[in-house]
Amino acid sequence: MAVSATPVPTAPAAWRRRAQGVAVLGATLAAVVVWLVAAPLFGQDLVVQQPGREAIEVGFGAVVTFSLVPSLAGWALLFLLERLTARARVIWTVIASAVLVLSFGPVLGVEAAGTTKLTLALLHLAVGAVLIPIFWRTARTPER
């Protein structure tokens, strides 16, 4: 049986953008769920202190802000890459994966309880676990 050389049709742009918007909201919701579960589970507030600064509690607003803003930035980057290169999916995935790995630097650099650092790491992983696969799946592919 011969294999067809016709390209696989890509999803309509409106569907892809809607799915990506849902991914941004889903990533934010995933972070909030981790935050809601982790604090009572570990029996403490999420308090971090950067060297030379006052201790701060990581509350609902911080979780939403620090998951929503990077998610929107990632979406904007994917949108831009799709207009500039045929390899947007690959480039975006490499950048997003690198940003996820690098985001653990501040987690390791703050003074906090071990369970707080674990929760912060889980927050980062939750956002990446939602965004990276959905954005990869919905990114525009090059036409052959």
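Just so you know, all these numbers are worked out from the coordinates, no wet-lab data involved. Because the structure is predicted, anything quoted here is derived from the model rather than measured.
Just a few scattered comments:
- Cut-off under 5 Å, modelled amide H: who pairs with residue 111 long-range: 49, 50
- J(HN,Hα) series, the stretch 109-120, from Karplus relation 6.51 cos²θ - 1.76 cosθ + 1.60, nearest Hz, glycine and proline x: x, 8, 8, 6, 5, x, 5, 5, 5, 4, 4, 4
- Each residue of the stretch 49-56 was assigned a 3J(HN,Hα) from its phi angle through the Karplus curve 6.51 cos²θ - 1.76 cosθ + 1.60 (θ = phi - 60°); the sequence is 9, 7, x, x, 10, 6, 5, 10 Hz, with glycine and proline shown as x.
- Couplings for the stretch 15-29, taken from phi via the Karplus curve 6.51 cos²θ - 1.76 cosθ + 1.60 with θ = phi - 60°, read 5, 4, 5, 5, 4, 5, x, 5, 5, 4, 5, x, 5, 5, 5 Hz in order; Gly and Pro are left as x.
- Mean shadow area of the chain, taken as a quarter of the surface of its Cα convex hull (nm²): 11.0 nm²
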